[in-house]
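Any read-out appearing in this document is the output of simple, stated calculations on the displayed coordinates, not a laboratory observation. Computed from a predicted model, the values in this text were never measured in an experiment. Backbone-built Cβ (ideal geometry, glycine too); neighbour counts: all protein chains shown.
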Amino acid sequence: MAIDRFTGEHSVAFIRSEQLFDYARSKSLWYMAFGIACCAIEGLMHASGPRFDFDRMGVFFRASPRQADVMIVAGTVNKKMAETVKLLYDQMPEPKWVVAMGACASTGGPFREYPNVVLGVDQVVPVDVYIPGCPPRPESVQYGFICLQDKITKRTEERLAARRDRS
Amino acid sequence: MLPDATAVSHILTAAGVSNAVVATETLGVVCRLEAASVLRALEALRDGELDFRVLLDFLGADTGEEIEVTYHLRSLTRDEELFIKATVAYDGELRSVWNIYASALMPERETAELLGLSLVGHPNPKRLLTTDGVEPLLRKSVPIRTVEEVRNR
Amino acid sequence: MSDPRDDVISVGALAAEGTHSAGDPPAGIRRVPSGVDGLTTEHLIINMGPQHPSTHGVLRLLIEVDGEEVLAAETSLGYLHRGIEKLAESRKYHQLGTLMDRGDYVSGMHGEQAAALATEKLLEVTVPDKARYIRTLVAELTRLASHLVWYGTFGLDTGAMGQFLYAVRDREVLLDILEEISGQRMMFNYIRPGGVVADLPVGIEKKILDFLTDFDVHLEEHHALLGGNEIFQMRVKGIGTISREMALAFALSGANLRATGVGFDVRRDRPYDAYPDLDFDVPVGSTGDAWDRYMVRMEEMRQSVRMVRQCIEGMPEGDFTAKVPKVIRPAEGEVYASVESSRGETGVHLVSDGSPEPYRYHYRGPSLFACQVLEEILPGHLLADVVMMIGSLDIMLGEADR
Ligand code: SF4
């Protein structure tokens, strides 16, 4: 187990339960298979393909939002789609994260001037990681997920620090 | 590729479509009609000897004064293409041709909503692409977002 | 016997679609309190999409079912409507390719090619021979890449997973080649009015030929893996039959049209770029069911391989682009140009008023017409076959919604 690397074999580790859970969560980020546009081909199809193989990071696709931890918004969100994105986000169980993949999901991308396009998915749901590019290469998506894992594992420390500051 | 312009006008006059202008332009053979006679003309062309069985495409354009709609016909047996053009006023009605060419169903809905026309004679005249309250986006009078609007999102 | 559903009163409106006003149920969909056989069953309306792993993007279908049988269906589009036509009116001519790439995003080169051909028709430039060959070469490579996506996802729709991974493996190599040529994996913007943006990189011919040597074997493996599978055959044969009349009435194009036995191919019948010099066959089907569409697409891949080889062999010397001004101001006029993309006839209808930007730019996406035919062919099939039919039509929502 990976934890052995830090503690040595046959050891007892003392860890806060929230920290343990966060650690576990960061290593099994199941994303919802929800490709909107072009980015989906790179971020969902090629990412789960043999070369980039996100499965080895514990990143795997689920067909239903109710089983997913992460929503990759891969594509242009327009006014008709925005309601659906919100609905799907609300259906995901806590804790949940959102990755805005590509220029479109971050700011509107090449279609930002069209009045029917929403300028970034962060106007609809809260976003944790933005990945630039049009489309981002699968490597960038992978790096985005590593950033998300960092963010998740650091959550407890941040919360503890905040608690210490308050007292 | 190009159909015989006289044969086209012959079919149209036989079907009782008056003042149709058939001419060869950069686009190909273009036939300009009044909007009221489009249905009759299309029916005659589909069943006539030129055999225009396929409505390949349908589109509308804002010319600045009115909406110009284009029907792009193709005959596979004779390998010919024909464009039919008609104009509709801004607040005018677009008459559906779906029972002559089924392929017009969705392009007509799209054109009607994006150019702000009202669609008549269509089995399902709902909006196709946008939600209620979105203005007719393809009209020249509807601007796209400016750089400032995008920056201060 | 009259249909017992006809004299039943509707018991309630279907849930409002998006923000559409509630009230009218979609056309052709009726809610009835009792079933055909007199049992008290209610027809169920199933909403499929826009988030559904098998709708190939954001297609939304409303399906009325009686038990497992589909009675009616309505397609709802617009979840990816992002204004390619409107934005093109504020772009320069050489920027049109950027938008077209994102229309049919799996076969970007074909969209660029259509836009470039339309502009060239207005400009009346002659494209150098080398540019014509390079365009054809990259277009056929893109067709392979696009058909591999179709092949992979079609297998996923039928419940197979392994062949998807093999398809992506081949696609990765193809994308590497296309990236080396154009600089991007998917959004190339490589074909410009007058030619292409850069010459072929040194040594790419060998890479392509190496890939093709492998791919010859892999393609037969792909076919054996999916098409040779008895379960797959049983699931697709006789499903989603489109008659010749229906295909013409709904203006289908590409493999969907050819599967019904109509052998229209833009590459052969309206030749553009280097296609007149190439030797290739146009496969046609006979019955127009999902199996025929599968077979036609598989054969198209073999033909593409042939064409790529011919392009490399016959690649002429010379310039890769004609002399085209930086800011293109074509003469006033209206043109239509079309190419055979992976999904069918991709056409561009361009109106110019003499300014550096198009006056009206219309993009004919073959997928829009394939979406229409879905409403027609779904009734009468089982619910489980719905995804099969969507998969076999190879719909790309980016170009249906535009
Ligand atoms: S960022 Fe680019 S590739 Fe991604 S969805 Fe937008 S246009 Fe497509």
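At a glance:
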| read-out | value |
| --- | --- |
| R0 of 41 Å, Cβ-Cβ distance A:Gln67-C:Glu230: FRET efficiency to nearest 0.05 | 0.80 |
| Per-selection Rg to Rh, region A:26-129 - Cα, Kirkwood hydrodynamic radius | 0.96 |
| Which of C:His362, C:Met307, C:Val127, positive extreme of dipole for region C:84-401 (C-beta unit charges) | C:His362 |
| Angle between chain C longest axis and helix C:204-226 axis [Cα atoms, degrees, rounded to 10] | 20 |
| Helix A:79-91 axis, angle to chain A major axis (alpha carbon atoms, nearest 10°) | 20 |
| Cα-centred dipole magnitude for region C:243-402, charges only on beta-carbon of K, R (+1) and D, E (-1), debye, nearest 20 | 200 |
| Label-point separation, B:Thr24 to A:Glu9 (7 Å along Cα→Cβ), nm | 8.9 |
| Partner chain coverage, peptide B:54-63 - average Cβ within 10 angstrom | 6 |
| Proximal lysines relative to A:Lys154, as straight alpha-carbon distance under 22 Å, when same-chain residues fewer than 8 apart are discounted | A:Lys27, A:Lys96 |
| At q = 0.12, 0.13, 0.14, 0.15 Å⁻¹, base-10 log of I(q)/I(0) for region C:63-185 (Debye sum, equal scatterers on each alpha carbon) | -0.64, -0.73, -0.81, -0.88 |
| Label-point separation in nm, B:Glu65 to B:Arg151, each point 7 Å along Cα→Cβ | 4.0 |
| Inter-chain shielding of C:94-102 (mean C-beta neighbours from other protein chains, 10 Å cut-off) | 2 |
| Top of C:Gly227, C:Gly318, C:Gly57 by mean-square fluctuation, Gaussian network on chain C, Cα under 10 Å | C:Gly318 |
| Centroid-to-centroid separation of region C:118-194 and region B:56-86 [C-alpha atoms, Å] | 30 |
| For chain C, convex hull of alpha carbons as volume per residue, Å³ | 145 |
| Among A:91-98, C:117-124, the order from most to least packed when residues are scored by Cβ within 10 Å on average | C:117-124, A:91-98 |
| Within 10 Å of each Cβ in A:40-50, the average number of Cβ atoms from other chains | 5 |
| Positive-pole candidate from B:Ala23, B:Ala5, B:Ser118, dipole of region B:5-137, charges at beta carbon | B:Ala5 |
| Unit charges at the beta carbon, dipole of the protein assembly as shown: most positive-side option, C:His94, C:Ile395, B:Pro143 | B:Pro143 |
| Label zone at C:Glu180, where the point sits 7 Å out along the Cα-to-Cβ direction: region C:304-331 residues whose backbone N lies under 16 Å | C:309, C:312-313 |
| Region A:89-154 and region C:268-325: distance between their alpha carbon centers, rounded to Å | 38 |
| Shape parameters for region B:1-88, alpha-carbon atoms, Rg then Dmax in Å | 12.0, 38 |
| Helix B:5-14 axis, angle to chain B major axis (alpha carbon atoms, nearest 10°) | 90 |
| Modelled FRET efficiency - R0 41 Å, B:Ala89 with C:Arg244, Cβ distances, 0.05 increments | 0.60 |
| Centre separation in Å (Cα based) which lies between region C:219-240 and region B:1-33 | 48 |
| Peptides ranked, highest mean first, by Cβ atoms within 10 Å: ranges A:122-133, C:391-402, A:102-113, C:368-379 | C:391-402, A:102-113, C:368-379, A:122-133 |
| Residues of type aspartates and glutamates that C:Lys207 reaches as a straight line, Cα spacing below 16 Å, ignoring anything fewer than 8 places off in the same chain | C:Glu140, C:Asp170, C:Glu172, C:Asp176, C:Glu179, C:Glu180, C:Asp199, C:Asp216, C:Glu313 |
| Charged-residue dipole, Cβ positions (Lys, Arg, Asp, Glu), region B:5-137 about Cα centre, Debye nearest 20 | 380 |
| Spin-label model distance (nm) - B:Lys140 vs A:Gln19, 7 Å beyond Cα toward Cβ | 6.8 |
| Of B:Lys126/C:Lys86; C:Lys130/C:Lys326; A:Lys80/B:Lys126; B:Lys140/C:Lys323, those spanning more than 26 Å from alpha-carbon to alpha-carbon | B:Lys140/C:Lys323 |
| Cβ-placed point charges (K, R +1; D, E -1), dipole of chain A about Cα centre in debye, nearest 20 | 220 |
| Estimated Rh, the protein assembly as shown: Kirkwood, alpha-carbon pairs, angstrom | 26.9 |
